[in-house]
Structures are given as structure tokens and as C-alpha cells.
Amino acid sequence: MSESEVAVHRQVAMPGSAAGHGSGDFMEGSPYAIPSRKLTMWLFIISDAVTFGAFLFSYGYLRVATPDWTRPFESASVINVVIMTFVLITSSLTMLGAVDASKSGDKAKAMRFLYSTMVLGLLFAGLHIREWFQLFGKGITISSGLFGQTFFTITGLHLLHVISGVVALLVVATKYSRGSLTPSYVETTGLYWHFVDLVWMFVVPLVYLTNIAR
Amino acid sequence: MTAASASGNVIRKYLPVYFVLLAIFLVEVFLAFQKLPIVALVVTLLALAVCSAGLGLMYFMHLATERRSLFLTLIPATIFVLLMMNVIWSDSLRLLHMRPFQH
């Protein structure tokens, strides 16, 4: 086999990989002309959205059907949620910057945006945990009735996604900075991060804003 | 155009979407402090959340500029998982006769 033929074979087998590591690279070719990595992430997002959908549907039903529902959130909590939402939406913007900079080949800028996104994600998680402790202080836990059960289940699942996202970003950023991952990995992780942001847009109104103390 | 300036432009490009998302959220907070019936409040907040999610999907997740084949692939997958959610509807209807209450 000539050198050019070898190069073509390598291109077909590993088009999305900078260094050609990992068995996933062999799945890159797609009959739908969509990179397999991106398609897989979209399919994961759809299935995960249904998981959240089921939880939120159940919550919505219980909330509407229960007249004496617990309403623990006062102004301080609402301000905390406003800050959390601002932080998370801003992190989506920095993620967009990271994806775009990585596609443009500006690795230093992509890394700055990735680290900014991680810091914002951690800040969000910290604010979230602070909110939980405030509820613990009011005697509301996961075992204290329907509100506690649904609130901590839904927000806990979302917080788990945020923390997983920060870990994923850390791994991708580290490997991307070393040159062992391509910008397509940053893009795929970005899709996940935006999804976490979108889920929050449903969690806040349903779980927080319908439960403001009056 | 240099790589650096191109990546700076994307933030400016999506800033309007970012501000619209923040504005929708602030409207939600405003509505939450109004004394609306719970069903009306939930429906209104959900409608606004769907608008926010739509903007996020189309612009932040670039679905507006993706290949049509991605849409065509995702639509059956979405229908499939939504059909799978039918598993819970029967329980929901049963609960209509077992009105939940808070312990």
C-alpha cells in the first residue's frame, strides 16, 4: 500500500481525531452526514430530556392537585435563584465562545472560555447547595413530605448534571489543551452544557417560582 | 479575519439571545409575585419556559443552522421517547381518583 493510500485509510477511519486515539473514532462516519459524536449527544439529550420531563410532569401534577402545598421561598431565596439563573445563562454564553474559539483554532482563547464556564458552573453549584442548606434550616428535607421529596429529587438531578458537566468540561479542556482531542469534542460537550441550561429554565419556574411564600 | 476576532464576534452575535433569555426569566419572576391562580401561573410560566428553551435550542445549540438530516434523524427519536412516556399516563389517570395530599 502506498503512503497516500495509507493516509486515505487513516482519514476514513479517524476523521474526527487529532491523534487517532479511542475506538469511538472508528464510528465517526455516519449515513446521515452528521458526525456520530454529535448525533449520539443529541440522542442522549432527547432521552435525558424525557427523564426530566417525567419528573417535572409528576411534580406539576402534584403541585396543582395539592391545595396546601409548602411555599418556603422568600425574597432572599428568589434573589438567590435570579443570581443562579444569571450565572447559568452566562455560562452558556462563555461555552459558545469556547466552541467558536476552538473551531477557529484559537486554543488559548478556547481554554479561557472553558475555564470561565467551569468556574460559573461551580459557582452555580455552590449557590445551589447554599439554597439547600437554607431549606434544611427551615426543617425541609427530602423526607419531609411531597414538597421536599419532589424539590430535592428534581434539583438534585439537575445539580448532578451540572457537576457532571463541570467534570466533563475539565477532562475535555485538559485533553484539548494537550492536543489529544479535537474541537468537535468541545462542541459536543457544549451541547450537553446548553442542555443543562435549558432544563434549568423549566426547573426554576415550576419548582421555585410557583412556591413563593405569601 | 483572524481567529481571535472571529471568536470574539460570536459573543456579540448571541448577546441579543442572551438578553432575551434573561428578560423572559425576569418576566417569569414578576409573574410569580402576582396573585394568579396556580393553574394559570403554571401554564403561563411553562409557556415562557418553552419560549426560552426554543431560543436556546435554535441559537445556543445551533439547531437553526444544523443540517436538515439532523432534524430528520432526531424527530423519529423524539417521537419514540415521547411514546415511551405513555407508560406513565395510565398512572396519572389513576391518580385523578386518588387525589394526592401532603403529609
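The numbers here are math on the coordinates, done by the rules we state, and not lab data. The shown structure was predicted, so the numbers you read here are calculated from the model rather than taken from an experiment.
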| remark: Note, the range A:61-78: 3J(HN,Hα) by Karplus (6.51, -1.76, 1.60, θ = phi - 60°), whole Hz, Gly/Pro = x, goes 5, 4, 4, 6, 7, 10, x, 9, 5, 5, 10, x, 8, 9, 4, 4, 5, 5
| message | What is the angle, in °, between the Cα long axis of helix A:183-203 and the longest principal axis of the Cα atoms in chain A? Nearest 10 is fine, range 0 to 90. | response | 10 degrees
| query | Tell me which lysines have Cα within less than 29 Å of B:Lys35's Cα, excluding those fewer than 8 residues away on the same chain? | reply | A:Lys138
| query | Which shape class applies to the range B:40-86: rounded if a/c is under 1.5, otherwise prolate when a/b exceeds b/c and oblate if not, where a ≥ b ≥ c are the square roots of the Cα gyration tensor eigenvalues? | reply | oblate
| note | Calc'd 3J(HN,Hα), the range A:80-85, phi into Karplus 6.51 cos²θ - 1.76 cosθ + 1.60 (θ = phi - 60°), Hz, glycine/Pro = x, comes to 4, 5, 4, 5, 4, 5
| field | Under the Karplus curve 6.51 cos²θ - 1.76 cosθ + 1.60, θ = phi - 60°, whole-Hz ³J(HN,Hα) for the range A:143-160, x wherever Gly or Pro sits | value | 9, 10, x, 4, 4, x, 5, 6, 4, 6, 5, 5, 5, x, 5, 5, 4, 4
| request: Would you kindly calculate the mean projected area, averaged across all directions, of the convex hull enclosing the Cα atoms of the range A:123-214, in square nanometres? | output: 6.7 nm²
